[in-house]
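Below you'll find the structure, written out as structure tokens, and then a few comments.
The values are calculated or read from the model by the stated rules, or taken from the named source; none is laboratory data. No experiment lies behind these values; they were computed from the predicted model shown. As a convention, Cβ positions derive from the backbone with ideal geometry for all residues, glycine included, and neighbour counts pool all protein chains shown. For the accessible areas, the whole protein counts, side chains as well, though only heavy atoms, and no ligand, DNA or RNA atoms are used. Shrake-Rupley method; radii C 1.70, N 1.55, O 1.52, S 1.80 Å.
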Amino acid sequence: MTTPEIVTRDELVGPATEQSAGMQRGQAFAHEGVWCGYAVFPGGATTGWHHHGDYATYAHITEGEMVIEFGPSGADEIVARAGDAVYIPGHLVHRETVADDGGAGFVVRTGGVGATVHNVDGPDPGR
């Protein structure tokens, strides 16, 4: 028989999981093809450029706001604020930035195969 699982608040603090510079990810669940957890950004943080491989990422912003940069040379951006939901397609190179006086947190659910984080030097140059 299958039963519900609970990961307590204490268990979520600082678990080992794949990371990108400038943010702290915490893993709640990792089942075949699905990763679920959270990320926290301190004020002034900018993550390194990264993508999530085959994983599509779905996030709910729980506090603060962040700019998500992507596209050729990283020239495109969107702003996600508390209460917003965000979708990031698999293999999309991006980074997140939080204002100096802010901070942000979000709950993440991804689905795919392989590693969930691929740190890279940057997006493809614009043409």
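Structure notes:
- For segment 105-122, the candidate set comprises residues that are modelled with pLDDT of 85 or more and more than 14 Å from THR57 (Cα to Cα); within that set, the residue that is nearest to the chain's Cα centre (by Cα) is ASN119.
Residue by residue, here is whether (1) at pLDDT below 80; (2) touching a Phe, Trp or Tyr at 6+ places or on another chain (Cβ under 7 Å); (3) within 25 Å of VAL120 (Cα to Cα) holds:
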residue	(1), (2), (3)
VAL13	yes, no, no
MET23	yes, yes, yes
VAL34	no, no, yes
TYR38	no, yes, yes
GLY43	no, no, yes
ASP54	no, no, yes
ALA59	no, yes, yes
GLU63	no, no, no
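- Selected residue (criterion: most open to solvent (accessible area, probe 1.4 Å)) from residues of segment 32-65 that are farther than 17 Å from VAL117 by Cβ and part of a strand (DSSP E or B): GLU63
- Note on segment 82-104: residues that are of a type in the set (D, E, K, R) and modelled with pLDDT under 90 amount to 2.
- Candidate set: segment 85-104, residues that are acidic (Asp, Glu) and not in a strand (DSSP E or B); chosen: the one surrounded by the most Cβ atoms within 10 Å (Cβ to Cβ): ASP100
- Meets criteria (in contact (Cβ under 8 Å) with a residue 40 or more places away in the chain and open to solvent by 70 Å² or more (accessible area, probe 1.4 Å)) for PRO72: yes
- Meets criteria (part of a loop (DSSP other than H, G, I, E, B) and either closer than 17 Å to HIS52 by Cα or hydroxyl-bearing (Ser, Thr, Tyr) (or both)) for ASP121: yes
- Meets criteria (in contact (Cβ under 8 Å) with a residue 60 or more places away in the chain and open to solvent by 60 Å² or more (accessible area, probe 1.4 Å)) for VAL107: yes
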